[in-house]
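Participant: Take this structure, written in structure tokens, and hold onto it; I'll ask about it next.
Derivation of every value follows stated rules applied to the coordinates shown; laboratory data play no part. Since we're looking at a predicted model, the values are computed, not measured. Note that each Cβ is placed from the backbone with ideal geometry, even for glycine, and that neighbours are counted across all protein chains shown.
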Amino acid sequence: MQRRSLIALGVLAATRLAGAQTSAFPDRPIRWIVGYPAGGGSDFVARSLAVPLGESLKQPLVIDNRAGAATIVAASAAKAAPADGYTIFSADLGTLVYNPLLYKKLPYDPIGDFAFIGFTVRYQFCLVCNPAFPAKNLNEVIAQAKGAGRKLDYASPGVGSTHHLTMEMFAQRARIEMVHTPYKGAAPALQDVMAGTVPLMMCDIATCLQMVKAGKLRPIAVASPGRSPLLPDVPTFEEAGVSGIDTNSWSALVAPKGTPAPVIARLTQELKAALGQPDTQRRLMDFGVEPFFGTPAEVLSMAKTDSQRWSTVVKHLNISLEY
């Protein structure tokens, strides 16, 4: 009886200690892992949100760039971190959806190893071409692909990227064949499109917006259900005659699995508030991304839905990568 009482007291003390630690959260800086280099789009989003989040949480958020292997390096670091709320991670569509479909084996489980906090932003995509490319609209691109003496080339930042898979989805829906030319990143791919080496590329608007405005790229169609407010004169694929091309690549904030529920709830609450601030929204929109809040349950649902949708494209391409 005495032993049971001691155990009960121990459990009660541990529960009270955990509650006290949670109520004091945060009492030190929070590390924010980003799976891309400093200066890129994901880094910009994290740093833009770190400011209002730091103000509301009254602790700084320190960005930790862990680039490499399609965010696998960063995801592994986040998985291995203590589940105390002091490590968060930008997990995007690639981390949670593409990687499990593309890689034979991953060092992390996209659903089992993370606690979801909420969506942060959504990236819209646009088919762009070199200004000298003869096709002025989507029907003319398709005609070029069907009538060319050789298959049309298109560029992407790499095999398995959203840019690559969206272009292949377009090719499947339009019943055309094209040649994929992968690059090591979006910057060199876009340089070759602007130089005319490769005529076409599916690109996230955040990356290509300024080049479109400068006339160095011509936009053909946006891959979303509605027109982009950043390119309001550019039709959607649906409007241009090809249905089912809806690629809104998203990013979500996650923490290691086992992070206390009250801590997750606090982070979710503050993330929603940060994304609702007009200054934050303006900063993100000016960069070319859409502030996009969603609950942890909505992140999980979207990840599962997108996994089913993209698995068809990946299977068709027969992609199998090694980490």
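Participant: Starting from one equal scatterer on each C-alpha and no solvent at all, send me the Debye-based log10 I(q)/I(0) for the chain at q = 0.08, 0.09, 0.10 Å⁻¹, two decimals.
Facilitator: Treating every Cα as an identical point scatterer, log10 I(q)/I(0) equals -0.40, -0.50, -0.60.
Participant: Straight-line reach from LYS105: which lysines fall under 21 Å, measuring Cα to Cα and dropping same-chain residues less than 8 apart?
Facilitator: LYS79, LYS257, LYS304, LYS315
Participant: Let me ask something else about it. At R0 = 45 Å, how high is the FRET efficiency between ALA143 and ASP286 if r is their beta carbon distance? Nearest 0.05 is fine.
Facilitator: Numbers: r = 36 Å, r/R0 = 0.80.
That gives a FRET efficiency of 0.80.
Participant: Just the Cα atoms of the stretch 21-172, one point each, no solvent: what log10 I(q)/I(0) does Debye give at q = 0.09, 0.14, 0.16, 0.19 Å⁻¹?
Facilitator: -0.41, -0.79, -0.94, -1.17
Participant: Further, regarding this structure: Need one number: nm distance between label points at ASP246 and GLN308, each 7 Å from Cα along Cα→Cβ, rounded to one decimal.
Facilitator: Label at ASP246, label at GLN308, 1.3 nm between them.
Participant: Taking amide H positions as placed in the peptide plane 1.01 Å from N, state which residues far from GLN124 in sequence (5 or more) or on other chains have amide H under 5 Å from it.
Facilitator: Counting only residues 5 or more places away or on other chains, the set is ILE205, ALA206, GLU290.
Participant: Hey, another quick one. Check the chain for me: any Cys whose beta-carbon has no other cysteine beta-carbon within less than 4.7 Å?
Facilitator: CYS126, CYS129
Participant: Hey, another quick one. Can you give the extra length, in nm with one decimal, that the chain gains between GLN210 and GLU239 once fully stretched, where that is 0.36 nm per residue apart less the Cα-Cα distance?
Facilitator: Values: separation 29, 0.36 × 29 = 10.44 nm, distance 2.39 nm.
This chain segment gains 8.1 nm when fully extended.
Participant: When you count, for each residue, the other Cβ atoms within 10 Å and take the mean per peptide, how do 268-281, 305-318 rank with the highest first? Walk me through the numbers on the way to the answer.
Facilitator: On the way: 268-281: 16.1, 305-318: 14.1.
The peptides rank, most packed first, as 268-281, 305-318.
Participant: Starting at the first residue of the stretch 247-257, write each ³J(HN,Hα) from the Karplus equation 6.51 cos²θ - 1.76 cosθ + 1.60 with θ = phi - 60°, in whole Hz, x for Gly and Pro.
Facilitator: 10, 9, 5, 10, 10, 10, 9, 10, 9, x, 4
Participant: Taking the Cβ-Cβ separation of GLU322 and ALA80 as r and a Förster radius of 22 Å, what is the calculated FRET efficiency to the nearest 0.05? Walk me through the intermediate numbers first.
Facilitator: On the way: r = 21 Å, r/R0 = 0.96.
So, using R0 = 22 Å, E works out to roughly 0.55.
Participant: Out of residues 5 or more away from ILE33 or on other chains, whose amide H comes under 5 Å of its own, with H placed 1.01 Å from N in the peptide plane?
Facilitator: ASP64, ILE88, PHE89, SER90
Participant: Pairing the Cα long axis of helix 186-195 with the longest principal axis of the chain, what angle in degrees results, from 0 to 90 and rounded to the nearest 10?
Facilitator: Taking Cα atoms only, the helix is inclined about 10 degrees.
Participant: Restricted to Cα positions, what overall size does the stretch 124-240 have along the principal axes? Three whole-Å values, descending.
Facilitator: 36, 31, 27
Participant: Now for a different question. For ALA221, list long-range residues whose amide hydrogen, built 1.01 Å from N in the peptide plane, is under 5 Å from its own amide hydrogen.
Facilitator: Result for ALA221 returns LEU127.
Participant: Along the Cα→Cβ direction, 7 angstrom out, place labels at ALA24 and LYS184. What is the inter-label distance in nm?
Facilitator: 4.7
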